[in-house]
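The values are calculated or read from the model by the stated rules, or taken from the named source; none is laboratory data. These figures come from a predicted structure and were not determined experimentally. For neighbour counting, all protein chains shown are included, and Cβ atoms are generated from backbone atoms with ideal geometry for every residue, glycine included. Quick note on the areas: whole protein, heavy atoms, side chains included, nothing else; ligands and nucleic acids left out. Shrake-Rupley method; radii C 1.70, N 1.55, O 1.52, S 1.80 Å.
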Amino acid sequence: MTNQETPGETIARLRHAKGWSVYRLAIKAKVNRAQLGRIERGERSMSFQTALKIAAALGASLAAFDGAKP
């Protein structure tokens, strides 16, 4: 068992904690909904710019995506 989570898992966890759908986060972050879904599933990496947008929409810092589980 690992204490690491992928950035996508972190995004999904933070999104679920807010009770948001992928669609709602995509709108708030101004990123494509399908792209966001692929990022959460680990099928696609994200650019620094996309990470900044998602973090801002979630009210989180980029450090939240460092992989350590809370």
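For the reader, a short list of remarks on this structure follows.
- Descending Cα extents along the principal axes, the chain, whole Å: 33, 23, 19
- For segment 4-17, Karplus couplings with θ = phi - 60° (6.51, -1.76, 1.60), whole Hz, Gly/Pro x: 10, 10, 6, x, x, 5, 5, 4, 4, 5, 5, 5, 4, 4
- Solvent exposure of the chain as accessible area per residue, Å², 1.4 Å probe: 63
- Stretching S45 away from Y23 to a fully extended chain increases their span by 6.1 nm, per 0.36 nm per residue minus the current alpha-carbon distance.
- Summing Lys and Arg as +1 and Asp and Glu as -1 over all other residues whose Cβ lies under 11 Å from the Cβ of K18 gives a net charge of +4.
- In nm, spacing of pseudo-spin labels at A63 and E9 (7 Å Cα→C-beta vector): 2.1
- Surface share of carbon and sulfur [accessible, 1.4 angstrom probe, percent] for the chain: 52
- Sequence-separation-based contact order of the chain, relative, with Cα cut under 8 Å and 6+ spacing, percent: 47
- Cross-link partners for K18 among the aspartates and glutamates, with Cα-Cα distance under 16 Å and sequence neighbours closer than 8 places in the same chain left out: E9, E40.
- Debye, to nearest 20: dipole size of the chain, +1 on Lys, Arg Cβ, -1 on Asp, Glu Cβ: 340
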